[in-house]
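Student: Quick one: the structure is below, questions incoming.
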Amino acid sequence: MGPPLDGERPPDHPRAGGRARRRRLLRFAVLGLALLVVVTGVGATALYAKLDRNIAHIDIDGALGPDRPEDAPHDSLDILVLGSDSRAGVNGAYGGEDAQEGARADTAMIVHVHEGHDAATVVSIPRDTMVERPACERDDGSKTPARERSMFNEAYTVGGPVCSVKTVEEMTGLRMDHFIEIDFRGFADMIDTLGGVEITTTRSIDDEDSHLDLPAGTHTLDGEQSLALVRTRKAVGDGSDLSRIELQQQFVRALADQVSGVGLMTNPKRLWDLADVATSAVTTDSSLGSVRDLAGLGRSMRDIGPDDLRMVTLPVERDPEDPNRVAPVDDRSRQVWNALREDRRVPRSATDDRTGENGGGTPVAIPGRAPHGE
């Protein structure tokens with residue numbers, strides 16, 4: 001059960017028996033955020049201190065100052081989640097001919113946790129979306145001027161997480177309560193520690209760039225294969241970033257379905273290993289810069305299960321000035337951001353059959369479920 005119909009607030013979600021217990025183990029499921037399951041089970045103070053040292057964090061609030069959108073009056077949360085290749089050298093093997101020098105944010109999602117924290121809407125932003133980027137400060141202290149036309153993921157390249165948050169806030173009018181970045185190599189390590197993720201391909205996937213070769217059928221993907229899958233683009237759908245996003249959304253649902261069944265709470269070594277790997281893979285805003293803070297966020301979302309995640313893609317169209325880029329569809333994009341600001345479900349009028357909920361062209365299904373989680 002997802003958020004309510006347009007104009008209504010998300011309701012409570014009664015559950016019973018084993019299904020309820022499985023869902024309550026899931027704290028958060030967005031590209032490897034299974035660490036929020038893990039840290040709630042790590043209790044020793046000494047272990048907390050070790051994991052705290054793993055977590056990189058940035059004072060986003062201090063860097064941006066007071067000139068930001070007002071926080072929403074209700075008890076919802078807006079979290080910018082990025083998947084990046086920011087660790088130079090380590091991630092050089094990934095990306096094929098798409099790989100570029102410098103840090104990039106290849107995956108961007110705004111996770112809106114509805115009031116009551118029992119449902120969430122995830123809005124994926126295509127990395128090649130043309131946006132108006134604000135002026136930002138570089139790591140060396142120099143300034144980069146604002147640009148009327150800039151690819152969305154260039155904000156991260158020129159100004160890191162702070163510039164990405166600033167760009168998202170100006171684009172959406174939403175204040176980001178938190179920021180979480182997941183490093184690609186760490187993402188792969190987390191999947192390996194979990195024991196892999198099971199997916200079913202309804203047709204073969206052969207992508208030379210991502211080094212992924214999967215025949216049709218059911219597979220348990222290791223970390224490197226999972227990373228290749230979520231970065232695959234040319235071998236699925238129409239070869240666009242939108243097709244890759246559909247693939248990522250299906251993978252997130254598969255991860256959410258399976259993370260509660262790996263025995264973390266009864267396997268202390270696996271629990272510790274995953275906590276160690278996960279906290280080493282993330283960069284957060286300062287308010288989430290400790291295991292206790294991350295665990296608190298996780299506990300606040302303990303009732304969000306796979307069926308409570310509604311996944312949409314920012315409505316875009318081919319950019320009229322550059323056929324290799326996309327641009328937001330203004331009226332539909334406004335509907336998306338207004339819905340999140342008012343803590344409503346994104347209306348169906350905001351999405352179409354190409355950029356709507358769970359797309360439709362991905363060759364990946366979740367074992368035991370309908371192809372798009374319905």
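Student: Could you list the trypsin sites (Lys or Arg not before Pro) in the stretch 106-203 that lie in coil according to DSSP, counting only those with at most 15 other Cβ atoms within 10 Å of their Cβ?
Tutor: Arg138, Arg203
Student: Which FRET efficiency, nearest 0.05, do Arg348 and Glu115 yield, Cβ-Cβ r, R0 22 Å?
Tutor: E between Arg348 and Glu115, to the nearest 0.05, is 0.55.
Student: So for each of 114-122, 298-306 I average, over its residues, the number of other beta carbons within 10 Å; can you give me the resulting order with the highest mean first?
Tutor: By packing density, highest mean first, the sequence is 114-122, 298-306.
Student: What nm value, rounded to one decimal, do you get for the distance between Lys269 and Thr220 when each label is placed 7 Å out toward the C-beta?
Tutor: My value for the distance between the label points is 1.7 nm.
Student: Also, I was wondering about something else. What does the charge add up to near Asp61, with Lys and Arg as +1, Asp and Glu as -1, over the other residues with Cβ less than 13 Å from its Cβ?
Tutor: -3
Student: Work through the residues other than Pro215 whose Cβ is under 11 Å from its Cβ and net out their charges, Lys, Arg +1 and Asp, Glu -1.
Tutor: -1
Student: List the pair-distance distribution P(r) of the stretch 150-228, using every Cα-Cα distance, as the percent of pairs falling in each 5 Å bin from 0 up to the bin containing the longest distance, rounded to whole percents.
Tutor: Here the calculated profile for the stretch 150-228 is 3, 13, 16, 15, 13, 13, 15, 11, 2.
Student: Kindly write out, for the stretch 149-157 in residue order, the coupling ³J(HN,Hα) from the Karplus curve 6.51 cos²θ - 1.76 cosθ + 1.60 (θ = phi - 60°), rounded to whole Hz, with x marking Gly and Pro.
Tutor: Once rounded to whole Hz, the list reads 10, 8, 5, 4, 6, 5, 4, 5, 4.
Student: Can I ask one more? Given labels modelled 7 Å from the Cα in the Cβ direction, how far is it in nm from Glu321 to Ser142?
Tutor: Between Glu321 and Ser142, the simple spin-label model gives 2.4 nm.
Student: Quick check: residue separation of Glu170 and Arg203 times 0.36 nm, minus the Cα distance between them. What number comes out in nm?
Tutor: 7.9 nm
Student: Separate question: When the Karplus curve 6.51 cos²θ - 1.76 cosθ + 1.60 is applied with θ = phi - 60°, which whole-Hz ³J(HN,Hα) does each residue of the stretch 158-167 get, with x for Gly and Pro?
Tutor: Using θ = phi - 60°, the values come out as 8, x, x, x, 4, 5, 5, 4, 4, 5 Hz.
No value in this document is a laboratory result; all are computed from the given coordinates. All figures in this text were calculated on a predicted structure; none of them were measured in a lab. All Cβ positions, glycine included, derive from the backbone under ideal geometry; neighbour counts span all protein chains shown.
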